[in-house]
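The block underneath contains the structure these notes are about, expressed in structure tokens.
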Amino acid sequence: MSHSKWETVMGLEVHVELATKTKIFCSCTTEFGGAPNTHCCPICTGMPGVLPSLNKAVVEYATKAGLALNCEITRYNKFDRKNYFYPDLPKAYQISQLYLPICRNGGVEIEAEDGGRKVIGIHEIHMEEDAGKLVHDPHTNSTLVDYNRCGVPLIEIVSEPDFRSAEEVIRYLEKLRAILQYIGVSDCKMQEGSLRADVNLSVRPAGSETFGTRTEMKNMNSFKAIMRAIHYEANRQIGVLEKGGEVMQETRRWDDNLGESFAMRSKEDAQDYKYFPEPDLIPIEISEETVEQTKKALPELPEAKRLRYVGELGLPEYDASQITNSKALVELFECNLAAGVPAKELANWIMGEVMHMLSDSGKEPEEMTFDYRYLGALIGMVQKNEITRNTAKKVFKAVFEEGCDPVDYVEKHNLKTVTDTGAVRAAIEEVVAANPKSVEEYRSGKEKALQYLIGQSMRALRGKADPQTVTAILKEIL
Amino acid sequence: MELKDMTALELGAAIRKGEISAVEAAEFSLGQIERYDKQFSCFVTVQEDVLQRAEEVQKGIAAGAFTSPLAGVPMGIKDNMCQKGIQTSCGSRMLAGFKPTYSATAVEEIMKAGAVPLGKLNMDEFAMGSTSETSFFGVTRNPWNAECVPGGSSGGSAAAVAAGECFYSLGSDTGGSIRQPASFCGVTGIKPTYGAVSRFGLVAYASSLDQIGPLARNAADCAAVLGEIMKQDRRDNTSVATKGIDLQKVLHTDVKGMRIGIPADFFGEGLDKEVAACIEAAAKQLESMGATVEKFDMPIVKYAIPAYYIIASAEASSNLSRYDGIKYGYRAEHPADLLDLYTKSRSEGFGMEVKRRIMLGCFVLSSGYYDAYYRKALQAKALIKAAFDRAFERYDLILGPVAPTTALKIGENLSDPLKMYLGDIYTVMINLAGLPAASVPCGFDGKGMPVGMHLIGHYFDEEKILGAAHAYQQVTDWHKRKPTQLDRI
Amino acid sequence: MVITDELVTYLEALGRIKLPEESRAKAQSDLQEILQYIDTLSELDTEGIEPMSHALPLTNVMREDEVQPSAPTEEVLANAPVKKDGYFLVPRSFE
């Protein structure tokens, strides 16, 4: 940030929807979407007299997440009620954990601003239920209420105020997402709201030890939006302080279209959640044995993978870190590695063409729909000199965009490298004959003319010849 | 024997033997309702399909589908238990017209036993009260004296049995709501151990204290009903697996050698002398049957009411927050905005006692007061449980009064909530400890109003409580007496 | 603890209820009386006593993660006072 006199301090509250089949307290599906109020029952719509019935998988997933994030697991768990009135909350209380959250004192290692490593502390993780969705109805100027999402299990991951830049926040979120995806507890799709981050932000004079007054920002639906919202809010607070004003402790709603955040009107002066232990649910004890078994069953996590990719496979640090940040990229990498594709070549392709196509299309790695084995097949064709590197890039575009089988595609579009040197020679001879002026120039010492002739020859061969072979033959003729 | 003098088990046996059909029994009960309910207002709703149901059950009995000793017996359900398609009002304007799309587990279980439900029974609004005067659907009256309250909150459930409008009923008990009206109306009622009967489908008042239980003419009937509904339910996380009730064991209980303790603290200030005399007499009776009876100290008694009202109000304030005019229930017209919809719907939908407990509950949970009130009450609860655990090391059962007085006159306590709360002194501590306890008729006061004795057992000792009560009822006839005015109506 | 008029207003706001004007004073004095009585609990020595939510020491009652059919939307909305196109409807509630 440009204001070097100020330091930004942030902490994150990340809500992650768990990928269980059913809701946390009833057996309705957690499937995303659906016509309004079709994934509902008396329990998740808070009908009179119904009771919650805890889903075993929620406790298992939360334990897994806690262990993967280096937390201590609470052995004796309880649920509490958080009471507040809002139409998306049919019981008017959310079943959550206040007094005894399932996980505490964890941490995630990220790359720090200075290039070193930094641990972001995790204060706690608790289990809770998601709320429903509100839709504005312009015809009646009313709000429509859909309880499909109501009761979908969430874990809320509360970090320590350890972030000092927006970049750190994004790196942490990427890491968090990768870990949670690896262990299979969530799909972490921001666009579907299965990963949502609220940012607590304050600023203070550089070098100060005390925290400034913080605001909480909500409603950022992408990493980009989080980035923008942080910059906006830090600048706003610095602006207020530099004018001698005071930052108000408040919740602010980010509007990504306007690029601004707005203080949410406090519905009532008093926000008193009146927490108390949930009487309808009995305590959950997690045994030492369960913790040990869960720990053992965890797959290799991003950090271990990264170290292995560097140490055993010889990948550059940066490549290893980028690939291991995404479960989809890891799968792409590992399935082809297992098929015998050389690691470095594979990594080059992922860091090059794959990243390139992702950024061009604005997609997240997990949105790649092609058969991951196609990348290996494509690399194989290049290595066997069946297609040129340039052709391969074009073919990959078709693989990425349309899911084409590269072997079929090359066949169908007749893209194989022309290996018949006779045919190549004939094509080059034609080019030489048709460009006497360039030939003359080359012979008088102009290297540039050779490039032109190579280009013309490749063009005549529709790019299907090995450029080195073409150069060699051309030189020979000349 | 005349139908009106039969117990539920006697009627069930007669139906099984073919001496009377389930349809005839249902017709009889509908006639009783027709005859008495204008006077006593026990029912909020009388079901339209009673005779069809009776016919269905009769066929089921013949086909061997219903084998319960209660199959075909007409009964009533307190109006805070959901029954699919039937208005479940909780005695509140808030839920007038609310027809659940699901049934309470206890209702499902009793239906599986071949029950013929006559309808839904009146109660204090949302089960908050001890008089059954606060219902939106009118005041239920005591069949022993229509000028008196039947007790509450299961006043309809107790009065309907006392008036002979049904053979047994289901009630719920959060702080005495089965036992106190049973005592006031001269019927037998038991609140089972917390967790013994599923709470699924019981509209919550105070979740950690609510329990469903039966009210009937005697202990044997209660045991039979309890046997049908006392089953573990995976839909209620707090429900417990039990052995159930062995009716034969209950019927053959001998109190000889039973050790019965009486907390001396139950006989302090506030206890009506005539009530005390009835309890002393019952103790002597049990002693003469071979039980040993002794008094012991239980000083924690005086903290039970404060602890109870803190916990119950706190949970109620949260449980009743879902009534917001959006998903079901009363919705105020033309709200200016969302806040107005909430406030108006709830202010117009809830009565005064409910509002009072919501406010009290909000207070004890609000930030800054939680530790001094709610947390402290949970500590008192732990101490009360510990005191009972200690007592049950020495005693099989604990005996005492159910309520400090007999039924009061209608309107007498309505304007003085604290006075009404103090009437719950003997019952609320049982809910706090989660213990089973029954009210068993044991005499009458000078005005001819019934008195109930409180038999409290340790966890899951329902058989022992009802067994002792049954033995007592073999040698006494308090439970057989009927209000003489019934013949004049 | 004194139940002031402000506290009554605060509790009304917390509970989303409004007492009728004519019964407000009575409600205030009733609450005061009840609270005074409840305050006797403070005499009880609870030092070192673990607060008890559940009388029976049950733990770990859980359900398998198996999907059951949801209720038909007509049932979900059956008791809704106001509904539209499969939704519940409330007054505008966006900031």
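The values are calculated or read from the model by the stated rules, or taken from the named source; none is laboratory data. For clarity, every value in this text was computed on a predicted model and none was experimentally measured. In this analysis, Cβ positions are derived from the backbone assuming ideal geometry, glycine residues included, and neighbour counts consider all displayed protein chains.
Observations on the structure shown:
- Number of residues in the range B:210-237 that are under 20 Å from residue B:121 (Cβ atoms), hydrophobic (A, V, I, L, M, F, W, C) and touching a Phe, Trp or Tyr at 6+ places or on another chain (Cβ under 9 Å) equals 5.
- Criterion applied to B:342, B:330 was being hydroxyl-bearing (Ser, Thr, Tyr), within 13 Å of chain A (Cβ to nearest Cβ), over 30 Å from the mean Cα position of the chain (by Cα) and within 21 Å of residue A:88 (Cα to Cα), and the one residue passing it is B:342.
- Out of B:286, B:271, sole residue that is among the hydrophobic types (A, V, I, L, M, F, W, C) and in a helix (DSSP H, G or I): B:286
- Failed criterion for residue B:435 (all others in (1) surrounded by 20 or more Cβ atoms within 10 Å (Cβ to Cβ); (2) not in a loop (DSSP other than H, G, I, E, B) hold): (2)
- Yes/no for residue C:59 being under 30 Å from residue B:329 (Cα atoms) and more than 7 Å from chain B (Cβ to nearest Cβ): no
- Condition check for residue B:29: buried (at least 19 other Cβ atoms within 10 Å of the Cβ) and among the hydroxyl-bearing types (Ser, Thr, Tyr): yes
- Exactly one residue out of A:310, A:203 is of a type in the set (A, V, I, L, M, F, W, C), outside the structural domain of residue A:182 (by TED's automatic domain parsing) and in contact with an Asp or Glu (Cβ under 8 Å, 6 or more places away or on another chain), and it is A:310.
- Residue match in the range B:94-112 (condition: on the phi > 0 side of the Ramachandran plot and buried (at least 22 other Cβ atoms within 10 Å of the Cβ)): no
- The condition of being assigned to a helix (DSSP H, G or I) and facing chain B (nearest Cβ under 7 Å) holds for only one of C:6, C:75, that being C:75.
- Any hit, the range A:77-94, residues being away from chain B (no Cβ under 14 Å), in a loop (DSSP other than H, G, I, E, B), at pLDDT 95 or above and crowded, with 21+ Cβ neighbours inside 10 Å: no
- Scanning the range B:313-327 for residues that are more than 21 Å from residue C:78 (Cα to Cα) and facing another protein chain (nearest Cβ under 7 Å) yields B:314, B:315, B:317, B:318.
- Screening the range A:97-165 for strands (runs of 3 or more DSSP E) wholly inside it with 3 or more residues that are at negative phi and either away from chain C (no Cβ under 14 Å) or surrounded by fewer than 17 Cβ atoms within 10 Å (Cβ to Cβ) (or both) returns the ranges A:103-111, A:117-129, A:133-137, A:153-159.
- Among residues that are more than 14 Å from chain B (Cβ to nearest Cβ), crowded, with 23+ Cβ neighbours inside 10 Å and touching a residue at least 40 places away in the same chain (Cβ under 8 Å), residue A:40 is not included.
- Against the numbered list (1) out of contact with any Gly (no Cβ under 8 Å at 6 or more places or on another chain); (2) away from chain A (no Cβ under 13 Å), residue B:207 comes up short only at (2).
- Criterion applied to C:22, C:74 was being surrounded by fewer than 17 Cβ atoms within 10 Å (Cβ to Cβ), out of contact with any Phe, Trp or Tyr (no Cβ under 9 Å at 6 or more places or on another chain), of a type in the set (Asp, Glu) and modelled with pLDDT under 95, and the one residue passing it is C:22.
- Selection status of residue A:410, surrounded by 20 or more Cβ atoms within 10 Å (Cβ to Cβ) and either among the charged types (D, E, K, R) or at pLDDT 85 or above (or both): yes
- Test: residue in the range A:304-313 that is at pLDDT 90 or above and not in a helix (DSSP H, G or I): yes
- When B:315, B:274 are checked against the criterion of being under 30 Å from residue A:46 (Cα atoms) and surrounded by 15 or more Cβ atoms within 10 Å (Cβ to Cβ), B:315 stands alone in meeting it.
- Residues satisfying the stated conditions in the range B:353-387, i.e. within 7 Å of chain C (Cβ to nearest Cβ), charged (D, E, K, R) and more than 25 Å from the chain's Cα centre (by Cα): B:375, B:376
- Selection from the range C:21-56 of residues that are facing another protein chain (nearest Cβ under 8 Å) and part of a loop (DSSP other than H, G, I, E, B): C:44, C:46, C:49, C:50, C:51, C:52, C:53, C:54, C:55, C:56
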